[in-house]
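Student: Below is the structure I would like to discuss, written out as structure tokens.
Please treat every number below as a calculation from the coordinates, not as lab data. Here the structure is a predicted model, which is why all the values come from computation and not from measurement. All Cβ positions, even for glycine, are placed from backbone atoms using ideal geometry, and neighbour counts span all protein chains on display.
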Amino acid sequence: MSATRSTRAKPSTRKPPTLEGKAQPRQQRALDTYELILGATVELLSEVGIERLSTNLVCERAGISPPALYRYFPNKYALLRELGERLMQAQNELVKQWATPDTMRLRGAALVAGIYQLYEQTLVLTRELPAGLWVTRALRAVPALAHVRIESHAFVSGLIVSAFMQAHPRAPQQEVAVLARLAVEMVYAALEMLFDDASLDERAVGQALSEMLAQRVTVVRRKTQ
């Protein structure tokens with residue numbers, strides 16, 4: 001066997017972890033237990049991080065037995081998925097309020113300020129939500145959770161495209177779609193960069209980001225004339 005063949009990586013046969021919850025709580029006592037589990041997960045994420053998080057630690061912190069946890073969550077990735085979806089939903093609400101035809105008609109400094117406002121609101125919300133920083137990292141670092149982030153970003157990109165096309169019906173929709181998705185990805189990349197490097201000036205990062213996106217919006221608008 002040649003050296004090239006012997007060192008070739010074999011395809012992974014490991015199955016992705018199950019993310020679906022086993023049951024949804026209905027009674028108040030079950031709801032309380034469900035939230036207790038998630039609350040314990042949030043506390044531990046801030047203390048031990050993603051890699052060291054385990055269902056055993058969550059059970060110990062929540063003061064429940066493993067069977068009580070496994071009734072709702074099969075593994076730690078299902079816990080992270082639930083927290084990730086909650087974070088994405090909260091962030092999506094900000095975009096829903098921001099992505100209007102009036103916003104898409106802003107120009108010049110007003111447009112830069114409008115983009116900066118969404119960036120700032122998203123940053124503040126993510127920092128204030130329990131374990132928002134760690135959940136953000138988990139959505140990027142854990143392959144099994146990628147769909148939570150991707151589906152959310154696609155959804156809010158669609159909101160932006162809809163608002164933009166209402167404001168500028170003659171705009172090239174495909175270019176608007178690309179710009180919207182890039183804008184969403186750039187905002188979240190900026191947040192992750194700030195979370196990873198506390199020495200960065202968040203105002204300077206947001207201003208540069210807003211100016212770049214506003215400039216591209218102007219280019220796309222010119223094509224409607």
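Student: Starting from the 7 Å offset along Cα-to-Cβ, what nm value, one decimal, do you get for the label separation of Met212 and Ser54?
Tutor: Here the answer is 4.1 nm between the modelled labels.
Student: Okay, next question. Which one, Val161, Leu191, Leu209, is farthest towards the positive end of the dipole of the stretch 77-222 when Lys and Arg carry +1 and Asp and Glu -1 on their Cβ?
Tutor: Ranked along the dipole, the leading option is Val161.
Student: Diagonalise the Cα gyration tensor of the stretch 87-146 and give the resulting equivalent ellipsoid semi-axes, square root of 5 times each eigenvalue, largest first, whole Å.
Tutor: Semi-axes, largest first: 27, 12, 10 Å.
Student: Within 10 Å of each residue's Cβ, count the other Cβ atoms and sort Glu185, Glu151 from fewest upward.
Tutor: Lowest to highest Cβ neighbour count: Glu151, Glu185.
Student: Where a ≥ b ≥ c are the square roots of the eigenvalues of the C-alpha gyration tensor, would you call the stretch 146-197 rounded, which needs a/c under 1.5, or, failing that, prolate if a/b is larger than b/c, or oblate?
Tutor: Working: a/c = 3.13, a/b = 2.04, b/c = 1.53.
Prolate, since a/c reaches 1.5 and a/b exceeds b/c.
Student: Under unit Cβ charges (Lys, Arg +1; Asp, Glu -1), what dipole magnitude, rounded to 20 debye, does the chain have relative to its Cα centre? Walk me through the numbers before you get to the answer.
Tutor: Numbers: 28 positive and 22 negative charges, 211 e Å.
Dipole size: approximately 1020 debye.
Student: Give the relative contact order (percent, whole number) for the chain; include only Cα pairs under 8 Å separated by 6+ residues.
Tutor: 21
Student: Just need the relative contact order of the stretch 28-74 here, percent rounded to a whole number, with Cα pairs under 8 Å and 6+ apart.
Tutor: 36
Student: Taking the Cα atoms of the stretch 28-74, what is the range of coordinates along each of the three principal axes, in descending order and whole Å?
Tutor: That gives 30, 16, 16 Å along the principal axes, largest extent first.
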